[in-house]
Every structure is written in C-alpha cells, then in structure tokens.
Amino acid sequence: MAFGDEPLSRSSMIVADRRIAFGRIALFLVALLVGGAFAGLAIEATGSSGGALEAFDDYLLRIARFTLWQALLSTLLSVLPAVLLARALARHPAFPGRAFLLRLFAVPLALPAIVAALGVLALYGRAGFFAPVFTALSGERWPGIYGLSGILVAHVFFNLPLAARLFLNALESIPADQWRLAAQLGMGARASFRFLEWPAMRAALPGIAGLVFMLCVTSFTIVLLLGGGPRATTLEVAIYQALRFDFDPARALALTLVQVLLAGSIVVALTRLGASLTGDANLPVAPRRMVWRSMSETIFNTALILASFLFVAGPMAATVIAGLQAELGRLVAEEAVREAAMTSLVFAALSAALCLLLSLALVAARRALEMQRGALSPGFLERATDSGAAMVLIVPPLVIGAGWFILLRHVGDVFSFAPVMVVTVNAVMAMPFAIRSIRPAYDAASARHERLCLALGISGWNRFRLVDWPALRRPAATALAFAMALSFGDLGVIALFGSDQVQTLPYLLLQRMGSYRTEDAAGLALFLGLLCLALMFLADRLGKETE
C-alpha cells in the first residue's frame, strides 16, 4: 500500500480493490435498506397522493408539536440537573461508592426501554410501590403516572445518567495544572465554577443537549407504554398506530415524512455542533486534585448525589422486586416464553453477525481508500465508508420498518418478512457503535503490518486469520455483544412485523401488558433486563481490556 506520497504497487492495488469492493457491497446493502423504505413511501405517495396530503391536518400538527414539546422538556429536565450532578461528582473524586455510582449510571444505557418503562410503572404506577404515599398526600386515589409526566420521568431516568457522565467526562479533561493553580489561588466553589468548570461544560453543552433531544424525539417504546392516550402521542407511536391498528398507509406516510425531516434536521445540527451520535460516555480515571469545599457545598453535593442515586436505582430495584414476585418457574416452563426467548437469541445473534461483517467491510474499505489516495483529499466513497453508517440514525428503526411495511404489503404477507426485517434493521442500527469499536484496532494493525503482508504475499483469508483477527478479536467481541444487546431488547421493528407466529421477548412482554397480565410482564422484564445487562457488561469489560 501507499504511505504518504509513495506510489501504489500492482499487488497493493489488487488488495485495495478487493477491500474497496467489499466496502461498496456493504454500502449498497445499507443504502438498499434505507432506500427501500423511502421507495415504499414514494410508491404510496404516488398511488395515493391525495390521501397523504389530506393527512397533513391539525392532528398531525398536534402530534408533531407534542413530539417537540416532550423532547424539549425531557432535555431540560435531564441536562440541567446533570450539570450540577457532574460538578458534584467532579468536586468529590474520592468519596466511598463513587465507582459503584458511576457503574450504576451506566446501567440505564444497557436496559431495554420496555424494561425501564415497567420499572417506572412498578414504582409510580397506579398499583406501584409509591401509590399509597401519593394517595395519602393527595387525598384521592393515585391515577398512575401515565401521559406527559410518565414520559418525562422515564426519559430523565435514561438521559440524566448519560448527560451526567458526558459532562463529567468534560470536567475530567480539564488539565491538572489548572486545578493546582486554582487551589494555590484559594478559589472557592463559585470562582472554580466560573473560570474552570463552566467553560469546559459550556463547550460540551450543545452537543449533549442535542443528543438527548434527538433520543427523546425518536423515543418509541417509552411513549407507547407511558403515553396513556392520543393526547400524549409522538410521531413514531402515531406511525405504529396508523399501520397496526388503523391500517391507514396515507397517514403513516405523512407522519413518516415529518419524522424523517425532523430527525434529519436534528442530526445535521448535531453534526455541526460536533456531537457524537453514538453517545459515548466512557470515563477516565478521576484525577487527584485539591478542591476547596465549604461545609454547605459538601452538604448540597451529598444530597444531590444521594437523590440522583435514589432516582436512578428506584426503577431498577422496582423491576427486580416486581419480577421476583412473579411465578418465574411457570414462566420458564411456558412454551411461548421459551420460543420467544430462543427467537430473540437467534435474531440477536444473526443481527450481531451481520452488523460485524458490514462494519468490518466498511472499516477495511475506508482504510484501503485512505492509503490509496496518499496525500490527496478524501473522496466521496471514503467519506461514505467513514460516516455513512452513522447517517442511518437520521432514519429511526420504526421509520425504516414503516417504509418496508408499506412496500411489502404489495408483495405478500407482510408478517412473513418479520425475521429478515428485524435482523437487518437491528444490524444496521448497531453499525455506528460497532465501527467505533473495531476501527481503531484495525487501523493500528494495518499501520503496523501492511508492508510486511505485501512483502510476504499474505492476503485474503490468510491475512485476516493470521494478522487482522488477533488484533480485532476483542473489539469484535465487544461489537458483537453490544449489537446483540441492542437487538435483543429492541421493540421498534418487531412491534410492526410481529405476529403470533414470530414473537420475541419484548413483543411477548408487550402482549402480556396489553392483556393486563402484569405479573407475567414483570417476570419477563426481569429476564429480558438481566440478559441485556449481561451482554452490555460483557461488551464493556471486553472494551476496557482492549484499551
């Protein structure tokens, strides 16, 4: 291969062309998945343009307005407390239990949304643990935490820990000599916040707030379970209802177009702000520093950290308690539960394997194109292999599913395509995270061994087996575990394509909730949450071992 301005040899051109060809195939498959969804929308728009135009009515405007409103409130309620919480954690870098608290804050990132929603209901619902307290305080029977309030609580449960970890990451990046200088000057809490902490967090604030806003705009499962009716419905839930219950493709088309435009605008804004679309929240080791803290500040920070701990740990503890109260032995013995669990595992394994193959193809193609161009500027294909996978986040999984649902209904039985749709959509949606995991290791291995492989004539399968795979083994395992966890707990696509013949654990859990079998739903949520947490912790452990 060429390094810098070194010309390409004939053998290196052959190897590069092979990798680039695989990258083109991977890009084509991703484009086919997203483009097929838009083709379904376009065909429907051409065939019933009048019905689609009529769907742009006051109802759609109200849903779009509520989508933005709940996302804005959720962002404010997540980000503003996260600023204070991150600062409290940064100013107390050595209190007992700090490492455990940060690990606890990583758990919501691993929990499926349907499990978290059930935890919120187990704690604050009509029959939740706090229902008697709220009934006694209000003097009336507690109606439960459905509607906007339930959506906000669940969103803050997910996004407050994420935002706090990201802000804490920004604070930990402040150079140690600045903290030493602040200590030597005797800076108190207010001066340290003004001159050290706030500038670091202010730089990260737009990206973090934009990321949280994006997550709330594209939230589906939480709104589906906690919305509580038409007055608290977002665009994605309305798309699901239009296709599964009303079977109104024209309205689904209008809702999908608005959702795509909205999500696309947010992603473009996030990109300009330099925000990470994958929401990486890895934390460095807390540095030792001298911080001047008054007694009142220590008391305030302690109360804030304790309140945050209770808020995040509460729904998780409620999920475990409610799940243990279910008849777990009977659930495990049920054929429907075993089949759903096996289906989920098979789908998750296939999705993770496909995700890894596509990600490896794109990473290898990008590296080959980078070395092929030498000192020239990156071309379109290289940029596409670099960031093309991340752009699938513009189109949420339910939107892709909706487009293919509309398209496939002209081909045959829509529900018979459930396995293909669930596996492919979940694989593509996990690709940005997988690429982030394997690309550094692949690029480093290529930089070390490229010339040696060319000199010895090692290429193809032998090169992958002997040279690339030893460096990629742990990052690939991390990507596989992460992709499996995302697919295992996903409800978006299976909610559209699921049926009595094809059921996953999240879909079965949703069915049990719909038939008011709450104890069964709690037990299934416990199973699902534990399996997803095990996969995510495995991915985190493997990822740390590769650093």
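For the reader, a short list of remarks on this structure follows.
- MRE, 222 nm, helices only [DSSP H, n ≥ 4, -39500 (n - 2.57), over the chain, to nearest 500]: -25500 deg cm²/dmol
- Residue order for 415, 158, fewest other beta carbons within 10 angstrom first, comes to 415, 158.
- Only helices reaching 24 angstrom along their own axis (Cα) with mean Kyte-Doolittle hydropathy no lower than 0.5 count here, and for the DSSP H runs of the chain these are 10-47, 58-91, 148-172, 198-217, 249-273, 295-325, 335-373, 418-456, 469-488, 518-546.
- Length released on extending from residue 178 to residue 129, taking residue separation times 0.36 nm less the Cα-Cα span: 12.9 nm
- Rounded, prolate or oblate (a/c below 1.5 giving rounded, otherwise prolate when a/b exceeds b/c) for the range 51-325 by Cα gyration tensor: oblate
- Reported to the nearest whole Å, the Cα centre-to-centre distance from the range 206-242 to the range 423-454 is 32.
- Taking 0.36 nm per residue of sequence separation and removing the Cα-Cα distance, the residue 54/residue 325 pair yields an extension gain of 92.6 nm.
- For the range 162-213, the gyration tensor built on C-alpha atoms gives a prolate shape. Its axis ratio a/c (a ≥ b ≥ c) is at least 1.5, and a/b is the larger of a/b and b/c.
- Whole-Å distance, taken between Cα centres, linking the range 329-381 and the range 100-174: 30 Å
- Here the relative contact order of the chain, from alpha carbon pairs under 8 Å that lie six or more residues apart, stands at 25 percent.
- If you plug the beta carbon distance of residue 61 and residue 244 into 1/(1 + (r/R0)^6) with R0 = 22 Å, you get a FRET efficiency near 0.45.
- Estimated FRET transfer efficiency (residue 338, residue 191; beta-carbon r; R0 60 Å; 0.05): 0.45
- Counting beta carbons within 10 Å around each of 355, 453, 216, 532 and listing the fewest first gives the order 453, 532, 216, 355.
- Pairwise FRET efficiency - residue 516 versus residue 454, Cβ, R0 = 45 Å, nearest 0.05: 0.10
- Estimated distance in nm for a label pair at residue 304 and residue 349, the labels positioned 7 Å out from Cα along Cα-to-Cβ: 4.7 nm
- Averaged over residues, the count of other Cβ atoms within 10 Å places the peptides 245-254, 294-303 in the sequence 245-254, 294-303, highest first.
- Relative contact order of the range 51-325, defined on C-alpha pairs under 8 angstrom at six or more residues apart (%): 33 percent
FYI, it's all coordinate maths here, none of it is from the lab. As the structure is a prediction and not an experimental result, all values here were calculated from the model. Methodologically, a virtual Cβ is constructed for each residue, glycine included, from the backbone with ideal geometry; neighbour enumeration extends over all protein chains shown.
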